[in-house]
Amino acid sequence: MEHMDRKIIPMLYSKVLNDEPIQGTETRESDASPEPSDVKPFEPITMIHLEHETIHLRRAELYEGKVTVSLPRTFRLVTEREAQLKYPSSHRPEWIYTNDSGTINFTFNTLDHRLTPEELNSFTESMADVIRATQPVREWKKHGVRVTDAGVTTGYCQFAVQGLNDQIYNHMVFTILNQKVLVYGFNCTDDEKKNWIEPGGTLLDTLIVEPK
């Protein structure tokens with residue numbers, strides 16, 4: 001399975017972050033405006049239901065407890081050796097959770113780039129342009145900026161690319177952690193897409209960034 005993260009992470013450094021300041025980038029009104037949302041007390045979910053299976057969840061703490069997210073209890077962190085094999089680039093994600101077969105992955109990475117909430121729209125547009133211009137995109141589902149049920153303002157890109165032996169579905173999300181870019185996402189093979197496309201997005205929406 002070919003993972004998009006090992007291609008996207010270097011691009012985040014070399015193509016987007018080294019360009020001119022992105023706050024002036026033109027945005028598309030149909031996708032880039034945050035969706036209105038009434039903020040309600042957020043209670044993390046404890047399970048998700050697939051077609052023939054119920055997946056129990058646990059809260060994972062990342063970045064010294066500044067970030068928490070609900071993930072399947074059966075998913076595990078990859079070993080350093082596995083991470084090197086899956087993501088040969090030195091810019092591999094800092095946290096990689098996977099299922100036993102490696103066909104479903106949740107990844108988390110921070111970038112050494114300062115970002116303000118006002119720049120999130122244009123950053124998301126820039127990333128959408130980079131992905132579509134440089135990757136073998138087979139289907140572009142959508143992108144934009146939204147506020148999750150947990151109250152986190154995020155940019156996102158949802159798309160499928162052609163891997164070595166299969167199409168890979170990707171849901172990539174951008175938000176701000178300590179004034180820098182937090183990139184996290186979910187990817188799976190085409191065979192897993194039917195069962196996981198909605199639950200995967202639901203789990204991404206459980207991410208909470210603790211205030212300073």
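Output the peptides 101-112, 152-163, 42-53 sorted from most to least packed, where packing is the average of other Cβ atoms within 10 Å over each peptide's residues.
Put in order of decreasing packing, that is 152-163, 101-112, 42-53.
Hey, which of these cross-link pairs are over 20 Å Cα-Cα: Lys142/Lys194; Lys66/Lys141; Lys142/Lys193; Lys66/Lys180; Lys86/Lys194?
With Cα atoms farther than 20 Å apart: Lys66/Lys141; Lys86/Lys194.
Over the heavy atoms of Ile176, what accessible area does a 1.4 Å probe trace out, to the nearest 10 Å²?
Surface open to solvent at Ile176 totals about 40 Å².
Got a sec to turn the phi values of the stretch 45-52 into Karplus ³J(HN,Hα) couplings, 6.51 cos²θ - 1.76 cosθ + 1.60 with θ = phi - 60°, whole Hz, x for Gly and Pro?
Values per residue, Gly and Pro as x: 6, 10, 7, 10, 10, 8, 4, 10 Hz.
Of Thr189, Thr74, which has the most accessible area with a 1.4 Å probe, and how do the rest follow in descending order?
Thr74, Thr189
Sort Ser122, Ser89 by accessible area with a 1.4 Å probe, largest first.
I get Ser89, Ser122, largest accessible area first.
The values are calculated or read from the model by the stated rules, or taken from the named source; none is laboratory data. No experiment lies behind these values; they were computed from the predicted model shown. Backbone-built Cβ (ideal geometry, glycine too); neighbour counts: all protein chains shown. The accessibility values were calculated without ligands, DNA or RNA, using every heavy atom of the protein model including side chains. Shrake-Rupley method; radii C 1.70, N 1.55, O 1.52, S 1.80 Å.
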